[in-house]
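Written out below as structure tokens is the structure these notes cover.
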Amino acid sequence: MQKTLILIKPDALQRNLLGEIISRFEKKGLKIVGLKMIQLTDEQLIDHYAHHKDKPFFKPLCDFMKSSPVVAMVLEGVDVIEAVRLIVGPTLGRKADAGSIRGDFSMSQSYNIVHASDSAENAEKEVWRFFNEDEIYNYQKMDFVSIYNPEELLK
Ligand code: CMP
């Protein structure tokens, strides 16, 4: 099954939303295979936001992402990258649909609660940017038989 990386950002931590955010992913039926609190480094942020390095918001974004620890998660599921992007909503919180995480909790373009990988290629890079191999757990999730049909379980 596919994996994706989530960073729960400093605004969510400051606003006491960590449990709420994690709970939304759990209730959807996604499997948590990695979970930790980390203080991001400049090196990680330069790498992670390399595609934004020439944008005027790059430095404020990095400062924000270092302003407190973040919670990093790896989630597993069928087509999980796309499913998580729908749960999260678009970047601009005030235009995100109600019901999505950003639609329910963010009014901002930068303070938007979570980061989620946007493609299979980026998910692969991002998981290994923030996690070591021994921090990703391979275990059986008993409720998967109620979440997926037998054919989907083989994906
Ligand atoms: P994220 O999903 O982490 O990916 C890049 C981040 O850059 C994005 O969420 C926002 O936090 C931030 N971002 C993107 N566009 C802008 C913008 N125009 N102004 C400020 N911050 C932005």
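Take Val84 and decide whether it is open to solvent by less than 20 Å² (accessible area, probe 1.4 Å), more than 16 Å from Lys28 (Cα to Cα) and of a type outside the set (D, E, K, R). No; evaluated as a whole, the condition is false for this residue.
The single condition among (1) in contact with a helix residue (DSSP H, G or I) (Cβ under 8 Å, 6 or more places away or on another chain); (2) in a helix (DSSP H, G or I); (3) surrounded by fewer than 19 Cβ atoms within 10 Å (Cβ to Cβ) that Leu13 does not satisfy is (1). Is it the case, given these coordinates, that Ile32 is crowded, with 17+ Cβ neighbours inside 10 Å, modelled with pLDDT of 95 or more and among the hydrophobic types (A, V, I, L, M, F, W, C)? No.
Among all residues of the range 58-65, there is none that is open to solvent by 80 Å² or more (accessible area, probe 1.4 Å), free of Cβ contacts under 8 Å to residues at least 40 places away in the same chain and touching an Asp or Glu at 6+ places or on another chain (Cβ under 7 Å). In the set (1) more than 14 Å from the ligand (Cβ to nearest atom); (2) among the hydroxyl-bearing types (Ser, Thr, Tyr); (3) in a loop (DSSP other than H, G, I, E, B), the condition left unmet by Ser23 is number (3). Of all residues in the range 50-84, exactly one satisfies the criterion of being part of a strand (DSSP E or B) and within 11 Å of the ligand (Cβ to nearest atom), namely Val70.
The values are calculated or read from the model by the stated rules, or taken from the named source; none is laboratory data. These numbers come from a predicted model, not from an experiment. All Cβ positions, glycine included, derive from the backbone under ideal geometry; neighbour counts span all protein chains shown. Heavy atoms of the whole protein, side chains included, go into the accessibility calculation; ligands, DNA and RNA do not. Shrake-Rupley method; radii C 1.70, N 1.55, O 1.52, S 1.80 Å.
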